[in-house]
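The values are calculated or read from the model by the stated rules, or taken from the named source; none is laboratory data. No experiment lies behind these values; they were computed from the predicted model shown. Here the Cβ positions follow ideal geometry from the backbone for every residue, glycine too, while neighbour counts run over all protein chains shown. Surface accessibility is based on the protein's heavy atoms, side chains included, excluding ligands, DNA and RNA. Shrake-Rupley method; radii C 1.70, N 1.55, O 1.52, S 1.80 Å.
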Amino acid sequence: MNNTNKVQIAIVGAGPGGLSAAARAAELGVSHVLFEQSPAHANTIQKYQKGKHVMAEPNVLPLRSPLRFEAGTREAILDEWARGLDKHAVNIRYGSEVTSISGSRPDFTLKLKSGEEYHAETVIFAIGMQGNPRRLGIPGEDLPCVQNTLDDPGEYSGEVIVVVGAGDAAIENAVALAKQNTVFILNRSAEFARVKEGNLNLILKSVEEGKLGCYYNAACVSLTAMPGADRPYTLVINTDNGEAVVPCNRVIARIGAIPPRKFVESCGIRFPSPDPAALPVLNERYESAVPGLYVIGALAGYPLIKQAMNQGYEVVEYALGREVEPADEPLLAKKFANLPFRKSVSETLALMQQRIPLFTEVNSLVFRELLLGSAVHVPAKGEAIFRKNDYTNSFYTIVEGTVEIELGAEGGPSRRIPLGAGQFFGEMSLLSGRRRSGTVYAGANCVLIESPRRDILKLMNSADSVRKVIDQLFIARAIQTGFAPGVPFDQLNSIAARAELKRYRKGETLFAEGDEADRLILIRSGSVSVSRRIGEHDVVISYVAAGNYVGEMGLLGKTRRNATVRATVPTEAVSLDATAFEELLVRNPALRAELETTMQKRFASNARMRGSDESGDLISFLIKQGLGEATDLLLIDETLCVGCDNCETACAETHGGTSRLDRAAGPTFANVHVPTSCRHCEDPHCMRECPPDAIRRAPNGEVYIQDNCIGCGNCERNCPYGVIHMAYAPAPKPGLASWLLFGAGSGPGDAHAGAHHGHAAHGAADGKPKAPKKAVKCDMCKDQSGGPACVRACPTGAALRVSPEAFVEFISESAVGR
Amino acid sequence: MHQSFLQYRGKRYLWWALSLCFVAVLAYAWHQPVSPPNGGTWLGYTLGTIGALLILWLTALGVRKRSYQSAVGTVQGWVSAHVYLGLALIVVATLHTGFQFGWNVHTLAYVLMMTVIVSGLFGVVMYLRFPERLSANRSSQTREQMLQEIADLDQRALRIAANLPAEFAEAIASNRDRTRIGGTVLDILRGRDRSQVSLAGDDGVLQVVPNPAQEHMLEWLGRQLSRSTDAERTRRIDELVNLMASRRSLLRRVIEDARIAGWLQVWLYVHVPITFALLGSLIAHVVSVFLYW
């Protein structure tokens, strides 16, 4: 055994976490080695698009690492790290793939692909989640024309390029390349499944318009170099119509990556569940089940660069057997400063975990992370935590004291349900994405943890125990609210445990007319349409939003369904078996009478909702336009609209020069026109995958974009209604006098110079825009007094905004009223 | 919940306007001046002041409409009041004149004012009459989309014509290039189709003929169709006929769209400039009255 091959700390993976750990080890003068399988450091960031802005979230977290890091371009960050590696003389081995790790502290054996062997006292695992890119698996796959990544689509022009793959990356690459090249995309199956809706539309449109070629059901057979030929390579593919030969310059393989999990498990690291999203089991010092084997970074569940770098520092301290206060300690201490008791941060965390059964089984690192994103409140007695119909969706747990939940119809009688320490609330809005169903008041000596929705959803995905408890309570509370307010909770819990949660695709049938009615269905998220067969046609008679029930008659007697219920958007529904409910009815004879009254009322209100055929057609039309998920829809009454476009002008004038609505575009039915304008969806498509989390929802429902938008365009692609677009910030307008007297700039109501989206007008003289484009969309004029400018500026009263509560009224008025 | 500007808030401003007219007429009937009724009596001055202030306020709609940040009522409310109080001005101003007209700057102001009011009334009629037709004609397409569709049809037709003798492609291309929509204001308002097409006659000589509603184009294709003996050729010509028929209806819709939009706008070109002329003559009227009367 070679002495140079023995180190104190071996680090696998030179991402932000691994680099930081190696630099810390180097700084301390500890013998170390850092293995990186690619030829450069921070491979994932190297693969980012040229000039991409990398963020340093979370902003509040201080950085603790020998390497420097702040938000900036990909190039600046990579250069800075390269300098740091030089400065600390980090022992980094590029092109070294570790194939196995065995042993435990103090003697690990690491085998490399090259056959070399290393020995280390401790091992730090920082390989990230990217995995290794899948290869084509055909003769010629190693030719230099094959690549797994695409830095800058603008680099290539006039080439014939084959993009292999049918995922988001493949589509984005293919479409970007098609601007300057002849591009073929190779899809192994017959359609593009499992891609973002925006990308699906993008690729189908591009193929349809002939911008790029597409082979379905196609597989690569071989790739050969053809020196001297018109195109230097030839790719042979197998299609439905036999073999095809494609002369090309380049093949881009975007066929995914092999997830690292298998390799990780082979090293002895355990996972709590087979769920691919599950995180490895670690103690609070990032140590796995194998003593001396540490896991940090994305693989440990910390996808952010700064977190990983801090962990790199901490884990080296731990590996050396030293104590270190985590970098987030002061942040947590500050959060806990208001607490009525004085304890250290870790004591407080332990106390919270112990007091709240929901979190007891959660990994303490994960819990710490959750608290870091959460707020700790000490509200005064009687203070409202949130109010009914607020659009907030955070989740609350009670550490100490009590709260009271006030439920009940508006104007009607209300009930107050007390909750004590260890319990939680806010799960309705958390799960459905809809408005608050009740008002919560703080009791005496109350201490609450408020966690953001996405952190809790993440937790539910990784910790089964949490998911189960929240799911069950959601159902029990929903039954209690809707049907059995007098029934004690423990009785409902047994029913809830037997309820079934099902997911439905858009358009899928929940139950059909004529089916046996044997269960109640509670819409947890999404919404459904209710339709009946009248003659030859399916006529939609109403729509039901999340948090409500359908098929309630199924609970009382054996009947048949008198209507068909379909999901209008992807929907989650809980179905409750009638037999489970029957037990409850037997135990509580009074409940049956109560239930009958409740249902009678519900039938009456359903009947009101059911209008004529015409209104049914209008509902169907509006559902197609997004009514199923809208919270506020801009409609134009075409009997009144004179086409003056004052609405668009007003929008542009009040929003820095870019109108967020296109009046003329969009469909019309029965004189109701739905212009291209934001629907403010219940569960906004645009809010998914926003890297800087710049799209927010205000408590009263408006979905708006903050200034920290980086212009990535994800939201534009994800919006099914095409209401978001990317625009340059326009030149500021001159004052009225200087415009009128000196002709400066553009006048009131004129289009702003440089406001045209799609053109690099602003500051484009040198060919490069000065500022990136940013996403713009309707923000419901949240900063304007007097409400939406489009409606206020309409001279004839044609423009109106309708909320779901007003849909029914509007529909009956439109269909019958004229 | 939503209503036309005429129905705004239960026709609130209609009642205001009627009350104003009623009071004015009552005062006029009750008032017995020494001289015959005219603008110089105390009632004449009162009505004149009310009228002038009304004119200024009515003009202010143009400012309010462009004050997009303003929260002083809604534009719809302003329009509603503008219409009703503008009509009331007929009564107020006429009573102010005491029915004394002549060839002078005072009557000029009156005539200009009436022109503005009549043009405005015309606008109201247009606003009531046309929106529904505009929408029905568009049937969920914007004008740009219709034009784009016409361009697409032409592209497809050219592709088909590529497999037919050269005169077909020439005809389709000239049909595309010589399509003329719009023109003078009158052309637009009358919905005239000034398109032409150059077609090869039986002698092979190209001739430019007017082609409103694709008439000659279709006729020419029909003639070619009837002469075709080849099945494949017949099929292609038939396809062209279908495309050109779609083109005709699209073109009609575009022209109709422009026509309606024209009627919805044209009155403003009278209403607004004459308002400014009115303001000028109103100043002349007021100044001359105070200086020289």
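Each residue in the stretch B:17-48 was checked for being open to solvent by less than 40 Å² (accessible area, probe 1.4 Å) and part of a helix (DSSP H, G or I), and 8 of them qualify.
So that you can scan it fast, the table gives a plain yes or no per residue for (1) open to solvent by 50 Å² or more (accessible area, probe 1.4 Å); (2) not aromatic (Phe, Trp, Tyr):
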| site | (1), (2) |
| --- | --- |
| A:340 | yes, yes |
| A:345 | no, yes |
| A:364 | no, yes |
| A:382 | no, yes |
| A:387 | yes, yes |
| A:392 | no, yes |
| A:416 | yes, yes |
| A:425 | no, no |
| A:431 | no, yes |
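The helices (runs of 4 or more DSSP H) found entirely in the stretch A:333-434 that carry 2 or more residues being under 25 Å from residue A:489 (Cα atoms) are A:345-355, A:357-360, A:427-432.
Scan the stretch B:185-223 for residues that are within 17 Å of residue B:172 (Cβ to Cβ) and of a type in the set (A, V, I, L, M) and the total you get is 10. Here's a check for you: in the stretch A:397-414, which residue that is modelled with pLDDT of 90 or more and either open to solvent by less than 10 Å² (accessible area, probe 1.4 Å) or on the phi > 0 side of the Ramachandran plot (or both) is nearest to the chain's Cα centre (by Cα)? Among those residues, the one meeting the criterion is A:397. Does residue A:513 fit the bill of being in contact with a Ser or Thr (Cβ under 8 Å, 6 or more places away or on another chain), modelled with pLDDT of 85 or more, in a loop (DSSP other than H, G, I, E, B) and at negative phi? So residue A:513 fits the description; yes. The set of residues in the stretch A:780-802 that are more than 8 Å from every other protein chain (Cβ to nearest Cβ) and part of a loop (DSSP other than H, G, I, E, B) comprises A:780, A:781, A:782, A:783, A:787, A:788. Which one of these is of a type in the set (A, V, I, L, M, F, W, C) and more than 28 Å from residue A:264 (Cα to Cα): A:25, A:76? Going through A:25, A:76 in turn, the sole match is A:76. One residue alone among B:89, B:14 is more than 14 Å from chain A (Cβ to nearest Cβ), surrounded by 21 or more Cβ atoms within 10 Å (Cβ to Cβ) and closer than 30 Å to residue A:639 by Cβ, and that residue is B:89.
Residues of the stretch A:93-121 that are among the β-branched types (Val, Ile, Thr) and either modelled with pLDDT of 95 or more or in contact with a Cys (Cβ under 8 Å, 6 or more places away or on another chain) (or both): A:101 alone.
Counting only residues that are aliphatic (A, V, I, L, M), under 38 Å from the mean Cα position of the chain (by Cα) and open to solvent by 40 Å² or more (accessible area, probe 1.4 Å), which one in the stretch B:142-177 is farthest from the other protein chains (Cβ to nearest Cβ)? Filtering the stretch B:142-177 for residues that are aliphatic (A, V, I, L, M), under 38 Å from the mean Cα position of the chain (by Cα) and open to solvent by 40 Å² or more (accessible area, probe 1.4 Å), the one farthest from the other protein chains (Cβ to nearest Cβ) comes out as B:158.
Looking across the stretch A:453-477, just one residue is touching a residue at least 40 places away in the same chain (Cβ under 8 Å), open to solvent by 50 Å² or more (accessible area, probe 1.4 Å) and of a type in the set (A, V, I, L, M), and that is A:469.
A quick yes/no check of all residues on (1) among the polar types (S, T, N, Q); (2) crowded, with 17+ Cβ neighbours inside 10 Å; (3) in a loop (DSSP other than H, G, I, E, B):
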| residue | (1), (2), (3) |
| --- | --- |
| A:67 | no, yes, yes |
| A:79 | no, no, no |
| A:82 | no, no, no |
| A:100 | yes, no, no |
| A:110 | no, yes, no |
| A:137 | no, no, yes |
| A:142 | no, no, yes |
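Of the residues making up the stretch A:221-244, those that are in a strand (DSSP E or B), open to solvent by 30 Å² or more (accessible area, probe 1.4 Å) and hydrophobic (A, V, I, L, M, F, W, C) are A:221, A:225.
For the stretch B:52-76, the set of residues classified as more than 9 Å from chain A (Cβ to nearest Cβ), open to solvent by less than 50 Å² (accessible area, probe 1.4 Å) and closer than 23 Å to residue B:5 by Cα consists of B:54, B:55, B:58, B:59, B:60, B:62, B:64, listed by residue number. Got a number for residues in the stretch A:640-672 being more than 8 Å from every other protein chain (Cβ to nearest Cβ), open to solvent by less than 20 Å² (accessible area, probe 1.4 Å) and under 14 Å from residue A:791 (Cα atoms)? Total satisfying the criteria: 5.
Cβ-Cβ contacts under 6 Å between residues 6 or more apart (or on different chains), taken from a first residue in the stretch B:1-23 that is outside the structural domain of residue B:75 (by TED's automatic domain parsing) to a second residue that is open to solvent by less than 30 Å² (accessible area, probe 1.4 Å) and acidic (Asp, Glu), are listed as B:2/A:637. Looking only at residues in the stretch B:125-141 that are of a type in the set (Ser, Thr, Tyr) and buried (at least 16 other Cβ atoms within 10 Å of the Cβ), the one that is farthest from the other protein chains (Cβ to nearest Cβ) is B:127. Yes or no: residue A:480 more than 27 Å from the chain's Cα centre (by Cα) and either under 24 Å from residue A:338 (Cβ atoms) or polar (S, T, N, Q) (or both)? So residue A:480 passes the test.
Matching residues to (1) under 15 Å from residue A:126 (Cα atoms); (2) exposed (fewer than 15 other Cβ atoms within 10 Å of the Cβ); (3) among the hydroxyl-bearing types (Ser, Thr, Tyr):
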site: A:246; (1), (2), (3): no, no, no
site: A:249; (1), (2), (3): no, no, no
site: A:259; (1), (2), (3): yes, yes, no
site: A:263; (1), (2), (3): yes, no, no
site: A:275; (1), (2), (3): no, yes, no
site: A:279; (1), (2), (3): yes, no, no
site: A:288; (1), (2), (3): yes, no, yes
site: A:303; (1), (2), (3): yes, yes, no
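For the stretch B:202-219, filtering for residues that are in a loop (DSSP other than H, G, I, E, B) and either touching a Phe, Trp or Tyr at 6+ places or on another chain (Cβ under 8 Å) or closer than 20 Å to residue B:157 by Cα (or both) leaves 1.
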